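Before any comments, here is the structure.
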Amino acid sequence: MIEANGARFGYDEAGEGPAVVLLHAGLADRRMWDHQFTALAESHRVIRYDRRGHGESDDPEGTVSHHRDLLAVMDALGVEEAALVGSSMGGAYSLDAALAAPSRVRRIALVGAGLSGHEWPADMAAGMQAALQAAVPLDRLEQYRAHTAERVDEADVAAAAEANARYFVVGPHRTPDVLDEQTWLAAKEMCAVVYHRMWNGPKWTEDVPDTRHRLAGITAPALVLIGLADASGLLALADLFTTTIPGARRLDLPDTGHLPPMERPAETTEALLEFLA
């Protein structure tokens, strides 16, 4: 555990060499990087941590800025400059940090990345909402989101986690049998922890910068890695990153969903090692 920006964060650190910080997806926690954490530590100082509300870190309260938390964690660990590897919204926060403190970001790898300030396309938002409503009745879902429910039913937590994992980790056009059992179970378990804490914890807001029109200002070399079975909105963002971030490289992984570090660990690690070298 480490104290940074007024909160306690769970983290792991291993290896020596140039620093690399791994930022997990919103539906997961730092465990999603198991393969990459071990492999990259052979040649780098590797750090992975849980964002507020995830894993072992404190619950978010009040107004939270995730990219400022990232920079504060780097400060607390004595990391002046690092390569950032961000999955999903971890990628969005990596971009935010690279714009806020460009001298501190050596390279940036975006893995199925989101984008701060971005509005998801209507078909994707509707698809995800329909999946959640099929798992949890709308009235209870709204109460959980508003923190007005008398109690949170753990069966609803599990159902919401499975719906989320089906839509993103598996992909909207595949079925769970494409994943090995260990990956599928781990994805559902991490996502269930996220929903449990989100619905049971304190209400909070996020300070979200609008990064949509600032991508051309990214100065760090960038890698855009995307699973081609991911949701349409994330595929479109990968196109945007590739065409807008100066000099960005692109790697597509066929038949892969939203979490390539878990579904295609060897290929993802190989791509990251090559990029970081």
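The values are calculated or read from the model by the stated rules, or taken from the named source; none is laboratory data. None of these values were measured; they are calculated from a predicted model. Virtual Cβ from ideal backbone geometry, glycine too; neighbours counted across all protein chains shown. All accessible areas refer to the heavy atoms of the entire protein, side chains included, with ligands and DNA or RNA removed. Shrake-Rupley method; radii C 1.70, N 1.55, O 1.52, S 1.80 Å.
For segment 36-57, which residues satisfy the criterion of being acidic (Asp, Glu) and more than 24 Å from ALA266 (Cβ to Cβ)?
Of segment 36-57, the ones acidic (Asp, Glu) are 42, 50, 56.
If the condition is that a residue be acidic (Asp, Glu) and more than 24 Å from ALA266 (Cβ to Cβ), then ASP50, GLU56 are the ones that fit.
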(request) Return the residue satisfying two criteria in turn: it lies in segment 167-183 and is open to solvent by 20 Å² or more (accessible area, probe 1.4 Å) and within 17 Å of the chain's Cα centre (by Cα), and of such residues it is farthest from LEU234 (Cα to Cα). (result) TYR167
(message) I'd like to verify a number: residues in segment 1-38 that are buried (at least 20 other Cβ atoms within 10 Å of the Cβ), of a type outside the set (Phe, Trp, Tyr) and in a helix (DSSP H, G or I), how many?
(response) 3
(message) Please go through (1) in contact with a Gly (Cβ under 6 Å, 6 or more places away or on another chain); (2) assigned by the TED database to the domain that holds ARG31; (3) outside any loop (DSSP other than H, G, I, E, B); (4) β-branched (Val, Ile, Thr) for VAL169 and return the number of the only condition it doesn't satisfy.
(response) (2)
(message) Restricting to segment 213-228, name every residue that is closer than 27 Å to ALA122 by Cβ and assigned to a loop (DSSP other than H, G, I, E, B).
(response) HIS213, ARG214, LEU228
(request) Go through segment 229-277 and give me each residue that's in contact with a Lys or Arg (Cβ under 8 Å, 6 or more places away or on another chain) and part of a strand (DSSP E or B). (result) LEU253
(message) Please determine whether any residue of segment 91-110 is of a type in the set (Phe, Trp, Tyr), under 24 Å from ASP252 (Cβ atoms) and at pLDDT below 95.
(response) no
